[in-house]
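The values are calculated or read from the model by the stated rules, or taken from the named source; none is laboratory data. Values in this document were obtained by computation on a predicted structure and should not be read as measured data. In this analysis, Cβ positions are derived from the backbone assuming ideal geometry, glycine residues included, and neighbour counts consider all displayed protein chains.
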Amino acid sequence: MSKILFVEPPPTLDWTVGSKVSKAGRRHPCLNETGEQVYSYQNLSCAAVLRNAGHAVEYLHCPTQRLDLPMTKEEISKRKPGMLVIMVEHINAPVAWEVSRHAKDNGVTVVWVGPFVTSLHENEIKRACVDFILRKEWDYSVGALAHAVIAGEDLATVKGLTWKDRAGGSRVNPDVDPIADLDSLPIPAYDLLDLSKFYESVFVAFPAATMITSRGCPFNCIFCSYPQTIYGHKYRAMSPERVVREIEFLVNDRGVREIRIDDDTFNVDRQRVVDICKLMVERKVRVLYSVQARAQLMTEETAYWLKKSGCRMVLFGVESGNEEVLKHMRKNTTKDEIRRGVALAKKHGLDVLNCIMLGFYWDTKETMEESMAFAFELNAEFTQVSAPTPLPGTDYFKLLKDNNCLLTEDWDKHDSVHHSAVELPHLSNDLINGYLSTFYRRYYRRPRYLWMMVRRSLRSWGNFTQSLRKFNVLFTK
């Protein structure tokens, strides 16, 4: 069997080990300077599958291992893998290309995975620095490809593969089937990472980890990448027993004290949520955790059991405070449903993180002000703002491209947190970026908010230190 090396590259081409820039986010990756560090759960799942099949697997997480581009190249040359796997993302594509070019020059087979290259596979496969692109879920398909390459079998049998034939053309195999039984997946290879190096602003206890317990969202938000590119809209979920087994592994074997469950929508199956929570209580699993959920699906029962089992925070995709914009983006919810869900979470002592987007195609200055006012009204403990990024493969990308709204297709310029790179019918690019740059000051410096957070900080040491970190960022910039 071959040695397979996973590489999560440096954030930028000129990134240095002393830089404060890091990569944050998963569905909408971005660069930030707040110290956040994230990893690819899908890569770790794939790594575990490969090890079970007998492959030697290694992992470079360049930002946390403090490897700049020259150091990364040196590590690849030293390790001499047979195959290199990179999840290419829109913000790090230029770095991924350069890392891949070096690997190819050293005789390494280069494989790209992820939503970005799944969407653009027919163009991306033309690059000289890549051999293969595996579309959609890649937990098992990397192993299928490795086996076919090693055994000299017909590559046309590898589902989900886009590849170059010997005549210089490209071939596109049929899509890989979605993984129906997520319980069959092994626990991801968390041991390949130093979990103490990972940080997200939502965490209060460390070391912390992120896991995903379901795939496929039945909702159809126009901007959301994973359901439209990788997972599809058919909901598939691990059983409560499988979920709790992985949580117990993280807590007991890896020393994790807090977990972020990063499902597209954790509470699609409300009974499953309750069953997971009850099982955690029954087995006396002591860990803090947070979930990404849909406000309209929150109930008294789920909020109660989430809190009782250790859930500390619920992340809601609010997106807009204008009813018409919510309809256009296919959010399939209303402001009253969002209000009710946020109120239920707060009633049961759960912190709330609301996600707001400013600068949709249908937005005007007035609707953006309405969204900000709605965020102020909800007064969540945390509110994250971003521009709706036109990610390839989404209907939102097609809408903006068809209407000539993209200022550039240099993908690393579309950093949803720092700035937008679009010009819209009713909004200039400067106006959108102006709102993005002032939102946090307007939200987090309100007296009503500050008083709420002072009271919250007195409830626990974790809350206190988290508040200090946030206020240090807000009041020193």
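Quick notes on this structure:
- Within segment 188-201, the residues that satisfy the criterion of being closer than 13 Å to ILE259 by Cβ and surrounded by fewer than 20 Cβ atoms within 10 Å (Cβ to Cβ) are LEU195, GLU200.
- Lone qualifier among TRP97, TRP15 - being in a loop (DSSP other than H, G, I, E, B) and among the aromatic types (Phe, Trp, Tyr): TRP15
- In segment 100-174, counting only strands (runs of 3 or more DSSP E) that sit wholly within it, the ones holding 3 or more residues that are among the β-branched types (Val, Ile, Thr) span 109-113.
- Here ILE91, ILE86 are screened, and the one residue that is crowded, with 21+ Cβ neighbours inside 10 Å, in a strand (DSSP E or B) and within 16 Å of the chain's Cα centre (by Cα) is ILE86.
- The test for being assigned to a loop (DSSP other than H, G, I, E, B), at negative phi, modelled with pLDDT of 95 or more and not acidic (Asp, Glu) does not hold for GLY317.
- Test for ALA343: is it among the small types (Gly, Ala, Ser), surrounded by 22 or more Cβ atoms within 10 Å (Cβ to Cβ) and either closer than 28 Å to PHE223 by Cβ or without any contact (Cβ under 8 Å) to a residue 12 or more places away in the chain (or both): no
- For segment 155-178, filtering for residues that are in contact with a strand residue (DSSP E or B) (Cβ under 7 Å, 6 or more places away or on another chain), crowded, with 16+ Cβ neighbours inside 10 Å and of a type in the set (A, V, I, L, M) leaves 2.
- Neighbours by Cβ (under 7 Å, 6+ apart or cross-chain): first from segment 43-60, of a type in the set (Ser, Thr, Tyr); second part of a strand (DSSP E or B): TYR59/PHE6
- Going through (1) out of contact with any Asp or Glu (no Cβ under 7 Å at 6 or more places or on another chain); (2) assigned to a helix (DSSP H, G or I) one by one, GLN296 falls short only on (1).
- Any hit, segment 20-40, residues being closer than 20 Å to SER100 by Cβ and modelled with pLDDT of 95 or more: yes
- Among the candidates LEU407, LEU424, residue that is within 21 Å of PHE223 (Cα to Cα) and touching a strand residue (DSSP E or B) at 6+ places or on another chain (Cβ under 7 Å): LEU407
- Checked against the criterion of being among the aromatic types (Phe, Trp, Tyr) and surrounded by 24 or more Cβ atoms within 10 Å (Cβ to Cβ), the candidates TRP97, TRP138 yield just one match: TRP138.
- Close pairs from segment 130-157: first closer than 25 Å to PRO188 by Cβ, partner among the small types (Gly, Ala, Ser) and crowded, with 18+ Cβ neighbours inside 10 Å, Cβ under 6 Å, at least 6 apart: VAL130/SER100; LEU134/SER141; LEU134/GLY160; ARG135/GLY160; LYS136/GLY160; ASP139/SER45; SER141/GLY160
- Condition check for GLU409: in the same structural domain as CYS224 (by TED's automatic domain parsing), farther than 29 Å from PRO115 by Cα, charged (D, E, K, R) and at pLDDT below 95: no
- Reported count of residues in segment 247-258, each being touching a helix residue (DSSP H, G or I) at 6+ places or on another chain (Cβ under 6 Å) and either not assigned by TED's automatic domain parsing to the domain that holds LYS284 or not in a loop (DSSP other than H, G, I, E, B) (or both), is 1.
- A single member of ALA144, ALA189, ALA148 is within 29 Å of LEU120 (Cα to Cα), touching a Cys at 6+ places or on another chain (Cβ under 9 Å) and at pLDDT 95 or above, and it is ALA189.
- Scanning segment 344-365 for residues that are of a type in the set (D, E, K, R) and part of a helix (DSSP H, G or I) yields LYS346, LYS347, LYS365.
- Checked against the criteria, PHE374 does not count as surrounded by fewer than 21 Cβ atoms within 10 Å (Cβ to Cβ), within 22 Å of the chain's Cα centre (by Cα) and assigned by TED's automatic domain parsing to the domain that holds PHE219.
- Which listed residue, of VAL204, VAL244, VAL291, is in contact (Cβ under 8 Å) with a residue 24 or more places away in the chain, part of a loop (DSSP other than H, G, I, E, B) and either in contact with an Asp or Glu (Cβ under 8 Å, 6 or more places away or on another chain) or surrounded by 19 or more Cβ atoms within 10 Å (Cβ to Cβ) (or both): VAL204
- Scan of segment 154-211 for residues that are among the charged types (D, E, K, R) and within 24 Å of LEU50 (Cβ to Cβ), ordered by number: ASP154, LYS159, LYS164, ARG171, ASP175, ASP177, ASP181, ASP183, ASP191, ASP194, LYS197
- Residue list for segment 419-436, filter: free of Cβ contacts under 8 Å to residues at least 12 places away in the same chain and among the polar types (S, T, N, Q): SER428
- Some residue of segment 38-54 being farther than 20 Å from PHE116 by Cβ and in a loop (DSSP other than H, G, I, E, B): yes
- Summed over segment 90-122, residues that are under 15 Å from ILE230 (Cβ atoms) and at pLDDT 95 or above total 10.
- Entry remark, segment 214-234: residues being surrounded by 19 or more Cβ atoms within 10 Å (Cβ to Cβ), outside any helix (DSSP H, G or I) and without any contact (Cβ under 8 Å) to a residue 60 or more places away in the chain number 3 in total.
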